[in-house]
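The values are calculated or read from the model by the stated rules, or taken from the named source; none is laboratory data. Here the structure is a predicted model, which is why all the values come from computation and not from measurement. Note that each Cβ is placed from the backbone with ideal geometry, even for glycine, and that neighbours are counted across all protein chains shown.
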């Protein structure tokens, strides 16, 4: 008897410890719709999105379709549906209500996105054009998808026209800016540098980060024999109304600079 009692007591203690352990463990919910900041992002459908619509147990109602330029799709029994601006959940509700009663008792509808409508990137990238949107897309990722930037690209001059902005006014962006479907990115080139006066090949030249007067004069073929090497003047792009300022060969050069090398009279 004491042995049975001892075994029962041990079993009770073991079960109690297991229950306490389970209570201490947090429940983990699988929620793929949440972002890193726990905010759900609603994606609104528009022209160019490719959808898959399925109804459980009804193979004839499975449809892969592209949202037309008018924002509509055509679905069996229901005809044309305007999906522009709807979320997939709202479209699911619309189709469910349309099928319920007249065609099916309790339809189980699922709507998923096979391919997002494109965003567009133009200017100084290696492969400009339209690319399918990807969730959590940033300017950095958009540039990678388009093959990277050219040597003339100025990320400081990157702009964005948002599809949702009716004014269509470009705004400056940085590498971490969020890009949405239908957005238009433009990456402009650095303004060219102008060199004239006593150099062998006066003209305009592409800006390069780290460029100095010494380097830009070398690109312009070097000084002529009549050049006054101590009389180099720069007009900054942002200060065209101001007088030229004297410069040294080690000075940095900036996009849009206009450089003049004066003639020596001795």
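Within region 82-101, restricting attention to residues that are out of contact with any strand residue (DSSP E or B) (no Cβ under 8 Å at 6 or more places or on another chain) and touching a residue at least 40 places away in the same chain (Cβ under 8 Å), which residue is nearest to residue 70 (Cα to Cα)?
For region 82-101, the residue satisfying everything is 85.
I'd like the full set of residues that are touching a residue at least 40 places away in the same chain (Cβ under 8 Å) and either surrounded by fewer than 19 Cβ atoms within 10 Å (Cβ to Cβ) or under 16 Å from residue 87 (Cβ atoms) (or both), limited to region 49-59. Can you show your working first?
Taking region 49-59 and keeping what is touching a residue at least 40 places away in the same chain (Cβ under 8 Å), we get 49-58.
Answer for region 49-59, where residues must be touching a residue at least 40 places away in the same chain (Cβ under 8 Å) and either surrounded by fewer than 19 Cβ atoms within 10 Å (Cβ to Cβ) or under 16 Å from residue 87 (Cβ atoms) (or both): 49, 50, 51, 52, 53, 54, 56, 57, 58.
Among the residues of region 249-265, write down those that are exposed (fewer than 15 other Cβ atoms within 10 Å of the Cβ) and over 36 Å from the mean Cα position of the chain (by Cα).
Taking region 249-265 and keeping what is exposed (fewer than 15 other Cβ atoms within 10 Å of the Cβ), we get 249-250, 252, 263, 265.
If the condition is that a residue be exposed (fewer than 15 other Cβ atoms within 10 Å of the Cβ) and over 36 Å from the mean Cα position of the chain (by Cα), then 249, 250, 263, 265 are the ones that fit.
Can you tell me how many residues in region 62-80 are over 12 Å from residue 111 (Cβ atoms) and either surrounded by 12 or more Cβ atoms within 10 Å (Cβ to Cβ) or touching a residue at least 24 places away in the same chain (Cβ under 8 Å) (or both)?
7
Hey, does region 203-211 have a residue that's free of Cβ contacts under 8 Å to residues at least 60 places away in the same chain, farther than 21 Å from residue 152 by Cα and in contact with a strand residue (DSSP E or B) (Cβ under 9 Å, 6 or more places away or on another chain)?
Taking every residue of region 203-211 in turn, none turns out to be free of Cβ contacts under 8 Å to residues at least 60 places away in the same chain, farther than 21 Å from residue 152 by Cα and in contact with a strand residue (DSSP E or B) (Cβ under 9 Å, 6 or more places away or on another chain).
Quick one: residue 264 ticks every box in (1) over 27 Å from residue 123 (Cα atoms); (2) touching a strand residue (DSSP E or B) at 6+ places or on another chain (Cβ under 6 Å); (3) modelled with pLDDT of 90 or more bar one, so which box is it?
Just one mismatch for residue 264, condition (3).
Go through region 158-187 residue by residue and tally those that are surrounded by 18 or more Cβ atoms within 10 Å (Cβ to Cβ) and assigned to a strand (DSSP E or B).
Number of matching residues: 5.
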